[in-house]
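The values are calculated or read from the model by the stated rules, or taken from the named source; none is laboratory data. Keep in mind the model is a prediction, meaning the values are calculated, not measured. Because the Cβ atoms are built from the backbone with ideal geometry, glycine has one as well, and the counts that use them run over all protein chains shown. Side chains included, ligands, DNA and RNA excluded: accessible areas come from the protein's heavy atoms. Shrake-Rupley method; radii C 1.70, N 1.55, O 1.52, S 1.80 Å.
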2 protein chains.
Amino acid sequence: MEQILTVAAEALAESGYEAVSTNTIAARAGISPGSLYQFFANKEDIAHALAERYAAQLAELRTAAFDGADLPTLPLDQLIDAITGPLVEFNLANGGFKALFARPDLPPSLTDAVAPLHAALLGRVTALLSARAPGLAPEVVERTATVAIQLVRAMMPLIVAADGAERAALVGELRAVLHGYLEPVVG
Amino acid sequence: MEQILTVAAEALAESGYEAVSTNTIAARAGISPGSLYQFFANKEDIAHALAERYAAQLAELRTAAFDGADLPTLPLDQLIDAITGPLVEFNLANGGFKALFARPDLPPSLTDAVAPLHAALLGRVTALLSARAPGLAPEVVERTATVAIQLVRAMMPLIVAADGAERAALVGELRAVLHGYLEPVVG
DNA sequence: CGAAAATACGAGTTAGAGCTCGTGTTTCTC
DNA sequence: GAGAAACACGAGCTCTAACTCGTATTTTCG
């Protein structure tokens with residue numbers, strides 16, 4: 001079942017959600033279409049499970065990477081470095097992530113499937129922002145968090161598509177973007 | 001034929017590329033499926049023609065809005081205002097635009113169809129950037145332009161989805177993002 | 001006006017996707 | 001070791017979307 005999700009993630013990374021057929025996922029997982037549907041009710045359910053697995057992995061990543069550091073008191077550029085670094089690694093290692101997360105116009109069914117993932121991330125970022133800038137109005141915090149997430153979402157496909165020096169340069173650009181945007185608010 | 005493209009754009013705005021059927025487009029245009037295929041070879045061809053129409057409209061928009069002003073010498077924040085304003089208007093008026101332009105993982109066929117649109121925009125932004133900062137290395141200019149376009153692409157769906165005060169606030173955020181990113185480079 | 005060319009039509013074809021279900025195979029229990 | 005329960009199988013069902021093609025209609029022009 002983990003195996004199925006892993007294969008589905010690979011296929012998603014290559015072709016996108018609509019282009020991947022359930023029969024293809026089954027074949028690549030080495031099982032029959034019938035067996036696939038004993039683990040998942042339908043295609044959307046696969047995406048949903050995958051989104052949850054990604055959410056869990058991101059949560060793990062967070063605790064592993066930032067357990068010691070006191071994020072709210074870190075200088076902004078170090079904070080940004082500490083967050084974007086593992087995030088880029090995660091996106092490189094999980095190509096399917098952006099297929100579920102980075103699309104602005106998912107089919108309505110999928111919107112529901114990935115909503116928890118979005119909500120979890122938004123919650124984390126809002127918490128971090130309000131810890132750093134306690135005076136901010138809640139709606140400003142939420143809007144700032146939404147925009148910051150959106151900026152990362154937008155840059156990640158570029159970063160993943162590039163490699164070598166160009167990728168490193170684009171990671172630098174992502175950090176510059178975040179710094180330029182967040183510095184006036186929570187700097 | 002313009003009629004078909006207009007209808008197709010509306011349908012795209014509502015449902016996205018894959019979800020819109022050619023028969024639906026034909027029906028909404030008041031013609032039969034057979035007639036549709038006398039104007040366009042296939043579904044991709046419709047998207048291609050629509051992308052070209054958008055490219056032309058954007059070119060018009062540009063000349064109309066900035067004909068008098070001397071963009072390279074304007075202060076950066078005024079430049080950003082002058083560009084983002086009409087761009088937001090355009091996106092609000094043409095909901096189908098983002099369905100073709102803002103998606104990171106278009107099907108390969110569509111990638112070709114919208115490539116000219118991307119190229120045209122990239123060309124315009126690179127020209128503007130190098131006019132403002134003549135000393136920059138070409139690859140830096142191109143990377144900066146790519147990132148700037150990507151930032152606008154990312155923010156536009158948020159802006160279009162919001163309305164009233166929230167939309168205005170998000171436009172402000174877009175401008176803040178662009179300013180924060182571009183100021184160190186071409187400020 | 002009438003014939004021919006061009007255009008419009010829409011039911012039908014084809015292909016592929018999601019999904020099912022009767023059958024075969026393995027695994028459990030006594 | 002035998003019966004039962006759970007699981008796995010994959011050919012095939014169904015539905016939908018892109019696209020076609022023989023026919024009907026309109027337009028063009030001598």
Q. Given springs between every Cα pair under 10 Å in a Gaussian network model of chain B, which of B:PRO104, B:PRO116, B:PRO157 has the largest fluctuation?
A. B:PRO104
Q: Measure nothing but the geometry: give the 0 to 90° angle between the long axis through the Cα atoms of B:76-93 and the longest principal axis through the Cα atoms of chain B, rounded to 10°.
A: 10 degrees
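Rounded to the nearest 0.05, what FRET efficiency is calculated for B:SER21 and B:ALA59 with R0 set to 25 Å and r the Cβ-Cβ distance?
That gives a FRET efficiency of 0.25.
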Q. Okay, helix-only estimate at 222 nm for chain B: each DSSP H run of n ≥ 4 adds -39500 (n - 2.57), divide by all residues, round to 500 deg cm²/dmol; what do you get?
A. -26500 deg cm²/dmol
Q: Quantify, in whole percent, the carbon and sulfur part of the accessible surface of the range B:43-186 (1.4 Å probe; protein heavy atoms only).
A: 58 percent
(Q) Only protein chains counted, 1.4 angstrom probe. Which residues of the range B:151-180 are at least 10 Å² less accessible in the assembly than when their chain is isolated? (A) B:LEU151, B:ALA154, B:MET155, B:PRO157, B:LEU158, B:GLU166, B:ALA169, B:LEU170, B:GLU173, B:ALA176, B:VAL177, B:GLY180
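Report relative contact order for the range A:1-146 in percent, whole number only (criteria: Cα-Cα under 8 Å, sequence separation at least 6). Spell out each step's value before the answer.
Values: 100 pairs, mean separation 45.8, N = 146.
The normalised contact order for the range A:1-146 reaches 31 percent.
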**Q.** chain B: radius of gyration and largest Cα-Cα distance (Dmax), Å
**A.** 17.8, 56
Q. Placing a label point 7 Å from Cα toward Cβ, how far apart in nm is B:THR63 from its equivalents in the other copies, listed shortest first to one decimal?
A. 6.1
Q) Taking the label point 7 Å from Cα in the Cβ direction, how far apart in nm is A:HIS118 from each other copy of itself, listed shortest first? A) 2.4
**Q.** B:LYS98 accessible area, assembled protein chains, probe 1.4 Å, Å²
**A.** 60 Å²
Q: Please list B:ARG53, A:ARG103 in order of solvent-accessible area, largest first, computed with a 1.4 Å probe with all protein chains present.
A: B:ARG53, A:ARG103
Q) Hey, what's chain B come to in accessible area per residue, 1.4 Å probe, Å²? A) 45 Å²
Q) Using a label position 7 Å from Cα in the Cα→Cβ direction, what is the ascending list of nm distances from B:GLU166 to the same site in the other copies? A) 3.7
Q: With a 1.4 Å probe on protein heavy atoms only, work out how much accessible surface A and B bury together, total over both chains, in Å² to the nearest 100.
A: 2100 Å²
